[in-house]
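Peer 1: Before I ask anything, here is the structure I am working with.
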Amino acid sequence: DEAQDANAFGVVWTTLPDEAQAHALARAIVEAGLGACVQRQAVRSTYLWEGALCDEAEWLLRIKPVRANFEPLARFSRDHHPYTVPEIVMLPWAASTPDYAQWVLETTRRAELPAANAGGGGASENS
């Protein structure tokens, strides 16, 4: 049973420059069925970009997909992301309660049908 296999699931992280863009991408991901849930959190990131040390306020998205949907989720996120090189990283689950895993599985099943669409963006910062 797939819901019993923690390897079937993960958490994807990405960051965005402001709350409005984070909200829009989170909503689009859930509406597309690519993530069962997306949590948003204000964070501060320190990184090097084009030789400059940057320290920026950002919004972290924690997306709950099935691992099989990582590639469509990554394409969708990149197509709708304002950064040139966005952080799109999947961390595997070590374990989960069966009912939560089943909910993620059922909620993201509909993402198997639609293909990712093209979208906007082109900022030069990332983290």
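Peer 1: Note down all Cβ pairs under 9 Å where the first residue falls in the range 85-100 and is in a helix (DSSP H, G or I), the second is open to solvent by 70 Å² or more (accessible area, probe 1.4 Å), and they're at least six residues apart or on different chains.
Peer 2: P98/D1; P98/Q4
Peer 1: So the check is Cβ under 9 Å with 6+ separation or different chains; which pairs have a first residue in the range 39-61 that's more than 18 Å from S77 (Cα to Cα) and a second one that's basic (K, R)?
Peer 2: Here the result reads D55/R44; E56/R44; A57/R44, each pair linking the range 39-61 to a residue that is basic (K, R).
Peer 1: All but one of (1) within 11 Å of the chain's Cα centre (by Cα); (2) crowded, with 16+ Cβ neighbours inside 10 Å hold for Q39; which doesn't?
Peer 2: (2)
Peer 1: Kindly list the number of the only condition in (1) crowded, with 21+ Cβ neighbours inside 10 Å; (2) more than 26 Å from L105 (Cβ to Cβ); (3) of a type outside the set (A, V, I, L, M) that fails for F76.
Peer 2: Going through (1) crowded, with 21+ Cβ neighbours inside 10 Å; (2) more than 26 Å from L105 (Cβ to Cβ); (3) of a type outside the set (A, V, I, L, M) one by one, F76 breaks only (2).
Peer 1: Now for a separate question. Taking the conditions exactly as written (modelled with pLDDT under 95 and assigned to a loop (DSSP other than H, G, I, E, B)), does A116 satisfy them or not?
Peer 2: yes
Peer 1: Which condition number does E56 fail, the rest of (1) open to solvent by less than 70 Å² (accessible area, probe 1.4 Å); (2) within 24 Å of A94 (Cα to Cα) being met?
Peer 2: Only one criterion is unmet by E56, namely (2).
Peer 1: Of the residues that make up the range 22-31, is at least one of a type outside the set (V, I, T) and in contact (Cβ under 8 Å) with a residue 60 or more places away in the chain?
Peer 2: So far as the range 22-31 goes, no, none of its residues is of a type outside the set (V, I, T) and in contact (Cβ under 8 Å) with a residue 60 or more places away in the chain.
Peer 1: Something else about it: Just to verify a result, which residue in the range 91-102, among those that are surrounded by fewer than 16 Cβ atoms within 10 Å (Cβ to Cβ) and among the hydrophobic types (A, V, I, L, M, F, W, C), is nearest to W13 (Cα to Cα)?
Peer 2: The selected residue is L91.
Peer 1: Starting from the range 71-83, take each residue that is under 15 Å from V12 (Cα atoms) and list its partners that are assigned to a loop (DSSP other than H, G, I, E, B) and β-branched (V, I, T), counting only C-beta distances under 6 angstrom and pairs at least six apart or across chains.
Peer 2: Final answer for the pair search is A74/I88; S77/I88.
The values are calculated or read from the model by the stated rules, or taken from the named source; none is laboratory data. Here the structure is a predicted model, which is why all the values come from computation and not from measurement. Neighbour counts run over all protein chains shown; Cβ positions are idealised from the backbone, glycine included. Quick note on the areas: whole protein, heavy atoms, side chains included, nothing else; ligands and nucleic acids left out. Shrake-Rupley method; radii C 1.70, N 1.55, O 1.52, S 1.80 Å.
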